[in-house]
1. Of everything in the range 27-75, what is of a type outside the set (V, I, T), within 19 Å of V92 (Cβ to Cβ) and in a loop (DSSP other than H, G, I, E, B)? Give them in sequence order.
2. Here are some residues: R109, R78. Which one is basic (K, R) and outside any loop (DSSP other than H, G, I, E, B)?
3. Can you tell me which residue in the range 9-24 is most open to solvent (accessible area, probe 1.4 Å), limited to those that are touching a residue at least 40 places away in the same chain (Cβ under 8 Å) and not in a loop (DSSP other than H, G, I, E, B)?
4. Residue under question is F37, and the condition is that it be of a type in the set (F, W, Y) and surrounded by fewer than 16 Cβ atoms within 10 Å (Cβ to Cβ); does it hold?
5. Among the residues of the range 81-97, what is the count of those that are in a loop (DSSP other than H, G, I, E, B) and either under 14 Å from the mean Cα position of the chain (by Cα) or under 17 Å from I11 (Cα atoms) (or both)?
6. Considering only the range 118-132, I want to know if a residue exists there that is among the hydroxyl-bearing types (S, T, Y) and closer than 19 Å to H14 by Cα.
7. Go through the residues of the range 44-60 one by one and say whether even a single one is in contact (Cβ under 8 Å) with a residue 60 or more places away in the chain, within 30 Å of A120 (Cβ to Cβ) and either in contact with an Asp or Glu (Cβ under 8 Å, 6 or more places away or on another chain) or crowded, with 22+ Cβ neighbours inside 10 Å (or both).
8. Just one of the numbered conditions (1) in contact with a Ser or Thr (Cβ under 8 Å, 6 or more places away or on another chain); (2) closer than 14 Å to M142 by Cβ is not true of V111; which one?
Amino acid sequence: MKLDHAQIMEIIPHRDPMLLVDTVEKMEPGVEITASFHVSPDREIFKGHFPSKPVLPGVYSVECMAQTADILLLSCPRYSGKIPLFLGINNVRFLKKIAPGDTIEIRARLVSERLEKAIATCSAEIYNRSELAASGDVTLAMR
């Protein structure tokens, strides 16, 4: 399954400037997903992080992983139309720089789910130029 920007906005509630997933390249709802995000050099954040050597803040990488997991989960009938609440991230690692102009690939897969509480954890990874740039385990509550 592939999704464009408009189709992604039908699934998750995020909007610009905080929508940090452009396309879904492939997905098996509730199982695994591969998405992409172009890091536009025009983003305001680069005026201050850092003016002479801009780099995407780690919190943006975490949000990219969370939103990719959101799409994966909200594509399932049991969570369709819910609001994904970020509960936390564990085992996060930042390994490679993500710079303005880069297009990153975000992968996520469901690793655990507590159906009775509508809470799920996804393992996520970000790749930049085919190299692992960041990873973490994202936990979300569907409300």
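1. Within the range 27-75, H49, L56, P57 qualify.
2. R109
3. Across the range 9-24, the extreme among qualifying residues is I11.
4. No: the conditions fail for F37.
5. 3
6. No; the residues of the range 118-132 include none that is among the hydroxyl-bearing types (S, T, Y) and closer than 19 Å to H14 by Cα.
7. We begin by selecting, within the range 44-60, every residue in contact (Cβ under 8 Å) with a residue 60 or more places away in the chain; these are 58.
Still in the list and also within 30 Å of A120 (Cβ to Cβ): 58.
If we keep only those that are either in contact with an Asp or Glu (Cβ under 8 Å, 6 or more places away or on another chain) or crowded, with 22+ Cβ neighbours inside 10 Å (or both) as well, we get none.
For the range 44-60, residues in contact (Cβ under 8 Å) with a residue 60 or more places away in the chain, within 30 Å of A120 (Cβ to Cβ) and either in contact with an Asp or Glu (Cβ under 8 Å, 6 or more places away or on another chain) or crowded, with 22+ Cβ neighbours inside 10 Å (or both): absent.
8. Of the numbered conditions (1) in contact with a Ser or Thr (Cβ under 8 Å, 6 or more places away or on another chain); (2) closer than 14 Å to M142 by Cβ, the odd one out for V111 is (2).
The values are calculated or read from the model by the stated rules, or taken from the named source; none is laboratory data. Bear in mind that the values here come from a model prediction, so they are computed numbers and not experimental data. Quick reminder, even Gly has a Cβ in these numbers, built from the backbone with ideal geometry, and neighbours come from all protein chains shown. Note: accessible area is taken over every heavy atom of the protein model, side chains too, but ligands, DNA and RNA are not part of it. Shrake-Rupley method; radii C 1.70, N 1.55, O 1.52, S 1.80 Å.
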